[in-house]
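One structure is given here, and the rest of the page talks about it.
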Amino acid sequence: MSELKWFHFTIGRLGGPEGIPLMVSRTGYTGELGFEVWCHPDDGAAVWDAIWQAGQPHGLAPLGFAALDMLRIEAGLIFAEHEFCNQTNPYEAGIGFTVPMKTKEEDFSGRAALQRQSPESRQKLVGWCWMAMSLFTTVIWCTTGACRLVRNQRNGLALAGQNDRTLSRSACLV
């Protein structure tokens, strides 16, 4: 696993050649070293137990979705159907590196529209933290769907937001 590169996958079997078939990817959504493990649903409990047991000497801890969401937002990582969907320009979503404009000669769906769009006209996904700025400012908790206000004018929509209870602040992707 230590040789598995970011956004790459490998397949194998748990416990040897006759073991449970798995697919493992190096795509953790926390900004830290992470892996995702796929298996058949019937094998899920056995795979969980094996990973849990092997991870105990290393301090492995289960992570709920809200905690995972907070970590990925702080790391600036996007999530399908949250910060982008099939109606979002990939450059605006921060995944322009996936568009083969220079490496693929043949046409693909959306190519002409992307070529027509000026880079200056694109919106940009940014991270935002709400914090108390002075005695006259209240702490604002950011949640998904909230509007970001700058000088009392709407300046973006929070596509993902979580409250970081450890740091007593809110973080969101706007």
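Here the Karplus curve 6.51 cos²θ - 1.76 cosθ + 1.60, taken at θ = phi - 60°, turns the phi angles of region 98-103 into couplings of 8, 8, x, 4, 9, 9 Hz, with x standing for Gly and Pro.
For Trp6, neighbours were defined as the other residues whose beta-carbon sits under 13 Å from its Cβ, and their charges (Lys and Arg +1, Asp and Glu -1) total -1. Placing a pseudo-label 7 Å from each Cα along the Cα-to-Cβ vector at Leu63 and Ile95 gives an inter-label distance of 1.9 nm.
Each value in this text was obtained by applying a stated rule to the coordinates, not by laboratory testing. This one's a predicted model, so the numbers in the text were calculated from it and none came from an experiment. Ideal geometry is used to build each Cβ from the backbone, glycine not excepted, and the neighbour counts take in all protein chains shown.
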